[in-house]
Amino acid sequence: MSDEQALRAALLDVSRRMVELGLNRGTAGNASVRCREGVLLTPSAVPVAEMSPASMVRMTLDGTVQQGGRPSSEWRFHCDIFKARPEIGAVLHMHSPFATTLACLRREVPAVHYMIALAGGDSIRCAPYSVFGEQQLSDDALEALQGRKACLLGNHGMIALGSDLDEALAVAQEVEFLCELYWRTLQAGVPQLLTTQQMHAVKQKFVDYKKRD
Ligand code: 13P
């Protein structure tokens, strides 16, 4: 199997996982991975159950389709993220229940639990609302993602990033958990937030935690 074929299969696999995990349904959401000098992206308006590795669309980072049909309507933010963030190898977009609930409240997630460090900082920002697929949405998402591996999109959903598809999916699952947790704590009382110093200590600790022998 060529590298590109393996990436096409992996993109299909992560799209299926997002549905299985309840993070997406129907034609909601999309996924991309770096491939050659450009990107492989899920097709637009195709339910995951009808996708195959051959459905994935190969594009240049400036948005020219090289192989395949109509790319996800969100190709702008996928390509813009890869252009702006050389360390990022995979981008996932979801309409997951709890992240989208907070996105509809236009509420950023504060340091309610130390695992928020996994998303790259002390908060998960929420970008303003824009129509899906528009350049404004991409510009706002990029700003909300500064120094982060995830953000919410106002009245829309969530974006999660990783160096590869596995990491992006792990970030997405954790962010969905954090959104659920924040939402639940808000129902029960006033969440006690971690301080900047406490979060700094967590980030230091994570450096060793992630080291593998
Ligand atoms: P696509 O089917 O074009 O990827 O759009 C789905 C979506 O979630 C738009 O934000």
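Computed from the coordinates by the stated procedures, all read-outs in this text should not be read as laboratory data. Quick caveat, the model's predicted, so the values are computed rather than measured. Here Cβ is always computed from backbone atoms with ideal geometry, including for glycine, and neighbour counts include all displayed protein chains.
Here is how the numbers come out for the structure above:
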{"quantity": "Unmet requirement for A6, which otherwise passes all of (1) farther than 13 Å from A172 by Cα; (2) touching a residue at least 12 places away in the same chain (Cβ under 8 Å)", "calculated": "(2)"}
{"quantity": "Extreme residue, farthest from M51 (Cα to Cα), among residues of segment 20-41 that are more than 11 Å from the ligand (Cβ to nearest atom) and surrounded by 18 or more Cβ atoms within 10 Å (Cβ to Cβ)", "calculated": "G38"}
{"quantity": "Set L142, L137: member being within 16 Å of the ligand (Cβ to nearest atom), in contact with a Ser or Thr (Cβ under 6 Å, 6 or more places away or on another chain) and of a type in the set (A, V, I, L, M, F, W, C)", "calculated": "L137"}
{"quantity": "All positions within segment 107-142 that are touching a strand residue (DSSP E or B) at 6+ places or on another chain (Cβ under 8 Å) and under 26 Å from Q198 (Cβ atoms)", "calculated": "R107, E108, V109, I116, A119, G120, S123, I124, R125, C126"}
{"quantity": "Inter-residue pairs, beta-carbon under 8 Å, first in a loop (DSSP other than H, G, I, E, B) and in segment 93-110, second polar (S, T, N, Q) and more than 12 Å from the ligand (Cβ to nearest atom), 6+ apart", "calculated": "E108/S123; P110/S123"}
